[in-house]
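The values are calculated or read from the model by the stated rules, or taken from the named source; none is laboratory data. These numbers were taken from a predicted model, which means no experiment stands behind them. Virtual Cβ from ideal backbone geometry, glycine too; neighbours counted across all protein chains shown.
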């Protein structure tokens, strides 16, 4: 691995770790951090000789927004999480991005299950989720109800970081 590619990898992990810290501290990921990540992903892409593929890089950046926008509208996923996936897309190829997204959702599901079991609220939350899905299937589309919001909060950026590590180790 050459020095520029290694710097690109280090930059990506630094940005994602900074996003996790911000998420854990304030439940938000700074748009400045996201913007810096997007700009740096484009800079590294050009330096690494992918300037002719700038549209490919931009496609990777917009892919998570297009694919995950419905989850945002439904209140299932935060905007910062989607933007963080976009940063990852700018630094990686589409295959790694998709693997990262899939791994993050798998890790997030495991984290959520563990948290719900620890809180002894799995049955209640499964019933609520079932009723919500039933309403969606009947055409009653609305954001997921947030009762006891702080109790059920999950810092999905942590799952994204773990998903990135998994995706990078697979590819």
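Please determine whether any residue of the range 87-95 is in a helix (DSSP H, G or I), in contact (Cβ under 8 Å) with a residue 40 or more places away in the chain and surrounded by fewer than 17 Cβ atoms within 10 Å (Cβ to Cβ).
Scanning the range 87-95, I find at least one residue that is in a helix (DSSP H, G or I), in contact (Cβ under 8 Å) with a residue 40 or more places away in the chain and surrounded by fewer than 17 Cβ atoms within 10 Å (Cβ to Cβ), so the answer is yes.
Within the range 26-40, work out how many residues are at pLDDT below 95 and assigned to a helix (DSSP H, G or I).
1
Hey, can you tell me all the residues within the range 10-38 that are out of contact with any helix residue (DSSP H, G or I) (no Cβ under 8 Å at 6 or more places or on another chain) and farther than 17 Å from residue 65 by Cα?
At the first step, the residues of the range 10-38 found to be out of contact with any helix residue (DSSP H, G or I) (no Cβ under 8 Å at 6 or more places or on another chain) are 10, 14, 21, 25-27, 32, 35.
Once the filter is applied, which keeps residues that are out of contact with any helix residue (DSSP H, G or I) (no Cβ under 8 Å at 6 or more places or on another chain) and farther than 17 Å from residue 65 by Cα, the range 10-38 yields 10, 14, 21, 25, 26, 27, 32.
Could you check the range 64-86 and list, in sequence order, the residues that are surrounded by 15 or more Cβ atoms within 10 Å (Cβ to Cβ) and free of Cβ contacts under 8 Å to residues at least 60 places away in the same chain?
Filtering the range 64-86 for residues surrounded by 15 or more Cβ atoms within 10 Å (Cβ to Cβ) gives 64-65, 68, 71-72, 77-86.
Hits for the range 64-86 are 64, 65, 68, 71, 72, 79, 82, 83, 86.
For residue 21, indicate whether it is without any contact (Cβ under 8 Å) to a residue 60 or more places away in the chain and under 27 Å from residue 128 (Cα atoms).
The answer is no for residue 21.
Between 34, 15, 61, which is in contact (Cβ under 8 Å) with a residue 40 or more places away in the chain, surrounded by 15 or more Cβ atoms within 10 Å (Cβ to Cβ), farther than 16 Å from residue 163 by Cβ and out of contact with any strand residue (DSSP E or B) (no Cβ under 9 Å at 6 or more places or on another chain)? Spell out how you get there, then give the answer.
Working: 15 fails: farther than 16 Å from residue 163 by Cβ; 61 fails: in contact (Cβ under 8 Å) with a residue 40 or more places away in the chain.
None of the other options fit; the residue is 34.
Which one is nearest to residue 102 (Cα to Cα), of the residues in the range 62-77 that are touching a helix residue (DSSP H, G or I) at 6+ places or on another chain (Cβ under 7 Å) and modelled with pLDDT under 95?
77
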